[in-house]
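Please read the structure below before turning to the comments.
The values are calculated or read from the model by the stated rules, or taken from the named source; none is laboratory data. Everything numeric in this text was worked out from a predicted model, so none of it was measured. Note: ideal-geometry Cβ built from the backbone for every residue, glycine included; neighbour counts use all protein chains shown. Note: accessible area is taken over every heavy atom of the protein model, side chains too, but ligands, DNA and RNA are not part of it. Shrake-Rupley method; radii C 1.70, N 1.55, O 1.52, S 1.80 Å.
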Amino acid sequence: MEHTISITEQAERKVTDTKSLPFGKIPTEHMFIAEYKNGEWQNAQVVPFHDLTLSPLALCLHYGQTVFEGMKAFVMADGKINIFRMDKHHDRFSKSLHRMCMPHVPKKLFKDAIHQLVQLDAEWVPKEEDGSLYIRPFMIATEDRIGVKVSDEFLFMVVASPAFAYYTKPLKVKVETTYVRAAAGGTGAAKCGGNYGGAFYPTQQARDAGYDQVLWTDSVHHEFIEESGTMNAMFYYDNVLVTPQTSGTILDGVTRDTLLTIAREKGIVVEERHVSYHELVKAFEEGKRIEAFGAGTAAVVAPIEIIAIGHKEYKCYVEPDAIMYQLQKALLDIRKGVEPDPHKWNYVI
Ligand code: COI
């Protein structure tokens, strides 16, 4: 079904100095909102950013029926605005929604909503080299009912916020072997709110111990690396780029996919497989040069400087000639339109 998006423009809220603010702290002037009722999407609108009115009984507040995405728009070298990998983000959003018993959002509605919002708030897309507009499509269950059930009513919304570096320095991470993020058959591959809420406690403990993030391990052996807090995990050593396979317990990261594709095209050997922390310890103890980094939309490429495994800390290679920076540069060059985009990842407004 075709959806018409009505647009209500706001008088004007000035773009402030967004660079000095924490990630995601200030929204742009507008937001997109559509309601799902009686089995269909209706009232699709781009409106001035405003607070929601929700019943305290709204199911999302009690049972966590929420799903989100994170994507980015950039100013390209020629001044046009590019929204990166819309199709892949829609694909993952659809899979997350399906897993959480939430209604499908047609691709056209998803893309039109984001296009209209970004176009209207184009002034908010940072022009700086290290800036982007972070776009957050999300859905919440809004039916007001305390009983545990799949909601019959939902809101699909898109908000956006100017973004700069998510992590400002190389990370210290701790391999987590007590708590788990996801188990086989669970929701680990879905971008649902509960996955993040459940991660807070172990992450806070890691922070208290002096680390920025955890590196999750599998729920059975507590040995195989899964992902890091807000991103997929990658390692480069022995001339191979190694990353845990998408087995259903980790997110099918869009940046992960982008970097692996770029790496393969550069002739780098890529392995998607189990990565035991014992394997890492062995490589560190043999004195190998090991790169470790996170890959995510918000984080892009986040170098890891220290990995704590048990009581020992191991130092990773973060010097400027590291492969991870070459991959990051190749990604930025495609997004900026200064290198060809053979996979049609760019959606240029
Ligand atoms: C992203 O990288 O887009 C994420 O969703 C991670 C985080 C900001 C929650």
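Quick one: which residue in 179, 201 is touching a Phe, Trp or Tyr at 6+ places or on another chain (Cβ under 8 Å) and surrounded by fewer than 17 Cβ atoms within 10 Å (Cβ to Cβ)?
The conditions single out 201.
Given the conditions (1) in a helix (DSSP H, G or I); (2) surrounded by fewer than 20 Cβ atoms within 10 Å (Cβ to Cβ); (3) not basic (Lys, Arg), which single one is not true for residue 308?
(1)
Can residue 208 be described as at pLDDT 95 or above and either crowded, with 17+ Cβ neighbours inside 10 Å or at positive phi (or both)?
No, not satisfied.
Restrict the check to region 270-286 and report whether at least one residue is more than 23 Å from residue 221 (Cβ to Cβ), open to solvent by 70 Å² or more (accessible area, probe 1.4 Å) and at pLDDT 95 or above.
Within region 270-286 (the criterion being more than 23 Å from residue 221 (Cβ to Cβ), open to solvent by 70 Å² or more (accessible area, probe 1.4 Å) and at pLDDT 95 or above), the answer is no, since none of the residues qualifies.
Within region 210-301, considering only strands (runs of 3 or more DSSP E) that don't extend past its boundaries, which have at least 2 residues that are within 16 Å of the ligand (Cβ to nearest atom)?
213-217, 225-228, 231-237, 291-296
Answer yes if at least one residue in region 112-135 is open to solvent by less than 30 Å² (accessible area, probe 1.4 Å), touching a residue at least 60 places away in the same chain (Cβ under 8 Å) and more than 23 Å from residue 14 (Cα to Cα), and no otherwise.
Scanning region 112-135, I find no residue that is open to solvent by less than 30 Å² (accessible area, probe 1.4 Å), touching a residue at least 60 places away in the same chain (Cβ under 8 Å) and more than 23 Å from residue 14 (Cα to Cα), so the answer is no.
So which strands (runs of 3 or more DSSP E) stay within region 21-114 end to end and still have 3 or more residues that are within 20 Å of residue 258 (Cβ to Cβ)?
The strands (runs of 3 or more DSSP E) meeting that bar are 71-75, 81-84.
Which one of these does residue 299 not meet: (1) under 28 Å from residue 72 (Cα atoms); (2) at pLDDT 95 or above; (3) open to solvent by less than 20 Å² (accessible area, probe 1.4 Å)?
That leaves (2) as the condition not met.
Can we say residue 155 is among the hydrophobic types (A, V, I, L, M, F, W, C), more than 28 Å from residue 36 (Cβ to Cβ) and part of a strand (DSSP E or B)?
No; evaluated as a whole, the condition is false for this residue.
Hey, among 187, 168, which residue is within 16 Å of the ligand (Cβ to nearest atom), part of a loop (DSSP other than H, G, I, E, B) and without any contact (Cβ under 8 Å) to a residue 12 or more places away in the chain?
168
Quick one: count up the residues across region 233-261 that are under 18 Å from residue 325 (Cβ atoms), touching a residue at least 60 places away in the same chain (Cβ under 8 Å) and open to solvent by 10 Å² or more (accessible area, probe 1.4 Å).
3
Every residue in region 51-86 that is charged (D, E, K, R) and away from the ligand (no atom under 16 Å from the Cβ), please.
Matches in region 51-86: 51, 78, 80.
Based on what the data block shows, is residue 175 more than 16 Å from the ligand (Cβ to nearest atom), under 27 Å from residue 100 (Cβ atoms) and of a type in the set (A, V, I, L, M, F, W, C)?
In short, no.
Could you count how many residues in region 87-98 are of a type in the set (A, V, I, L, M, F, W, C) and more than 15 Å from the ligand (Cβ to nearest atom)?
Total meeting the criteria: 1.
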